[in-house]
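The values are calculated or read from the model by the stated rules, or taken from the named source; none is laboratory data. Predicted model, so just to flag it, every value in this text is computed and none were measured. So basically every Cβ, Gly included, is an ideal-geometry build from the backbone, and we count neighbours across all protein chains shown. Heavy atoms of the whole protein, side chains included, go into the accessibility calculation; ligands, DNA and RNA do not. Shrake-Rupley method; radii C 1.70, N 1.55, O 1.52, S 1.80 Å.
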Amino acid sequence: MKNDFKIRNPFRKNKSIRNEQEKKQFKMLSAFTILLLIIAFIIFISWILKWSGVSVVDDKNKSHDIVALGIFDLFIAPINGFVSGAEIIVFLVALGGFLNIVICSKALEGFSQNITSALKGKEIWAIIPLMVFFSIVGSAEGMAEESLGFYMICIPLMMAAGFDKLTGFMIVLLGAGVGVMNSTVNPFAIGVAVDTVNNSGAGIETSVGDGLVWRLTSWFVMTTASIIFVMWYSWRVKMNPQKSVVFKTMEEDKKFFLNEAAEKIDMNWKRKLTLVFFGLTFILMIFYMVGWDSILGYDNKTSFGPFYKFGEWINTHIPYLSSQAEGFGNGGFIVVSAIFLLSSIVLGLVNGLGEDGFLDQFMTGAKDLFGVCLVIAVAGGIGWALEKSLIQQLVVSGLASSIGGINSSIGILIILFILFIPLSLFIPSTSGFARAVFPLLGGVLAKDSEVLASGSITAFSMANGFINLFTPTSGIIMAAIGIAKIDYTKFFKVMWPILVILFVLSIAMISIGGAIGGNIA
């Protein structure tokens, strides 16, 4: 009874609470918080520049003092960013709902299992189709949060085949990551960057189709290199398990992952049809986003291409199909969002979800990507703050006098690639990065827009995708490591050789692409 009435010092912290608080101190800031801090920093810098009497000269040789932003502008900025990025945010909502319906159907899960079971006894060859699949999706739509569900599929499957958990982990991480790094028509990276460059005020006109051939070539080269690396690692571990960096926990890992391995998914007609619609939707998005008329040499201003004319013909002669949707390669995120919404409804009917089931799954998927929407909004707020304070013009003139002073377009692309890597540490979101950085580069890219416009977008995609393969500031990376129960130091110990290879390949492909130029690169 004595201990029951023991008076405890209220100012003495419980050991468990103290340990918990110590852990919280090492928690990484989210991209949302980092971007808000950047806006706050811009506001602070605007005060200093204002007090210092700094001015900028516009294109009409008129001098303007730097505008000091206020504290309340910190909250106005992301709202303006939300408005400017409205089309992309609407697209994200539609895409999130669509992906959640597909994932809940377990069609993709069953597809992955069938590939592995078909190669029973030769499971190492399953690495190729799985990584190609993840890489294609990553390149086409920027596979990020949605990749997290596949770790608990691939890790048990690979461990059951005699490999370690890092094999299954890298299949998803490198597959999707290298795909994002070599984005072809990824709307979150290429689409946003193209839109931002075109609206930079530098008079640059580019499209998703510019540089597409070289981005596809780079995708093939780096995806092949990543597959070879994962296959080499998995073969090495299977021949000698002690070569695995997680050898000490292998028995514990088998108990955890194999006991919780996913049950065998029956690929019934609903899941097969879902898989077909999933593929067709992304194929349609890919073909719709590519600027085919631009590739064929039309600008749709002075000369109208066949795809533009076909869209006009549909609007005029078959208005009951659509009187508003532009032709292939001429529309934007609004039309693509409608495509994903329509596909979501069709998949809801195929899987018999009913109205309540459809709305529940669609809204859950949309909610899962709302965090990305906020990141895009705040990133857009950075551009707004830079523009309103006139710091953007100040930085542009600085870039023009430094990077712009380099005569070689290839040299500019390589320097941009290297500069984009540390910048991506602070803005891991591809879409957020594009919105925040590309408005500053319009004057530099205008020097040789034929090479630098699409080349800088490729360099950005590679740099941002590269750093997001391992940066601890990425919530996706840290979540994936948590799911796989891997220590970060062991993760990096395995990853550093392929990271070096990808870095070298990036510089090589950017350099060769810059030398080729034109619509190809």
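Looking only at the stretch 178-193, count how many residues are at pLDDT below 85 and open to solvent by 10 Å² or more (accessible area, probe 1.4 Å).
1
For residues in the stretch 8-63 being in a helix (DSSP H, G or I) and hydroxyl-bearing (S, T, Y), which is modelled with the lowest pLDDT?
S16
Which condition number in (1) within 14 Å of the chain's Cα centre (by Cα); (2) under 27 Å from F247 (Cα atoms); (3) modelled with pLDDT of 75 or more is the one that G465 fails?
Of everything listed in (1) within 14 Å of the chain's Cα centre (by Cα); (2) under 27 Å from F247 (Cα atoms); (3) modelled with pLDDT of 75 or more, G465 misses just condition (2).
Would you check which residues across the stretch 369-398 are surrounded by fewer than 19 Cβ atoms within 10 Å (Cβ to Cβ), at pLDDT below 75 and more than 24 Å from I412 (Cα to Cα) and list them?
Across the stretch 369-398, the qualifying residue is only G371.
Just checking, how many residues over the stretch 492-507 are among the aromatic types (F, W, Y) and under 15 Å from M170 (Cβ atoms)?
2
Residues in the stretch 324-345: is at least one open to solvent by less than 50 Å² (accessible area, probe 1.4 Å), modelled with pLDDT of 80 or more and part of a loop (DSSP other than H, G, I, E, B)?
no
Could you please find all residues in the stretch 194-212 being part of a helix (DSSP H, G or I) and open to solvent by less than 40 Å² (accessible area, probe 1.4 Å)?
Listed by number, the residues that qualify are V194, T196, V197, L212.
Looking at the stretch 159-177, can you tell me whether even one residue there is of a type in the set (D, E, K, R), crowded, with 22+ Cβ neighbours inside 10 Å and at negative phi?
Scanning the stretch 159-177 turns up at least one residue that is of a type in the set (D, E, K, R), crowded, with 22+ Cβ neighbours inside 10 Å and at negative phi.
Only one residue in E141, E109 is charged (D, E, K, R), out of contact with any strand residue (DSSP E or B) (no Cβ under 8 Å at 6 or more places or on another chain) and open to solvent by 10 Å² or more (accessible area, probe 1.4 Å). Which one?
E109
Open to solvent by less than 10 Å² (accessible area, probe 1.4 Å), modelled with pLDDT of 80 or more and within 19 Å of the chain's Cα centre (by Cα) - does that describe any residue in the stretch 399-419?
Yes; the residues of the stretch 399-419 include at least one that is open to solvent by less than 10 Å² (accessible area, probe 1.4 Å), modelled with pLDDT of 80 or more and within 19 Å of the chain's Cα centre (by Cα).
Can you tell me which residues in the stretch 420-440 are open to solvent by less than 20 Å² (accessible area, probe 1.4 Å) and either among the polar types (S, T, N, Q) or at pLDDT below 75 (or both)?
S424, I427, P428, S431, G432, A436
Being under 27 Å from the mean Cα position of the chain (by Cα), at pLDDT 85 or above, assigned to a helix (DSSP H, G or I) and exposed (fewer than 14 other Cβ atoms within 10 Å of the Cβ) narrows it down to one residue among L280, L275; which is it?
Testing whether each residue is under 27 Å from the mean Cα position of the chain (by Cα), at pLDDT 85 or above, assigned to a helix (DSSP H, G or I) and exposed (fewer than 14 other Cβ atoms within 10 Å of the Cβ) leaves just L280.
Looking only at the stretch 213-268, filter to residues that are among the acidic types (D, E) and assigned to a helix (DSSP H, G or I); which one of those is modelled with the lowest pLDDT?
Among them, the one singled out is D253.
Can you tell me which residue is farthest from N464 (Cα to Cα) among those in the stretch 57-73 that are in contact with a Leu (Cβ under 7 Å, 6 or more places away or on another chain) and surrounded by fewer than 20 Cβ atoms within 10 Å (Cβ to Cβ)?
Across the stretch 57-73, the extreme among qualifying residues is H64.
Among the residues of the stretch 468-490 satisfying the criterion of being modelled with pLDDT under 80 and within 30 Å of G209 (Cβ to Cβ), which is most open to solvent (accessible area, probe 1.4 Å)?
I476
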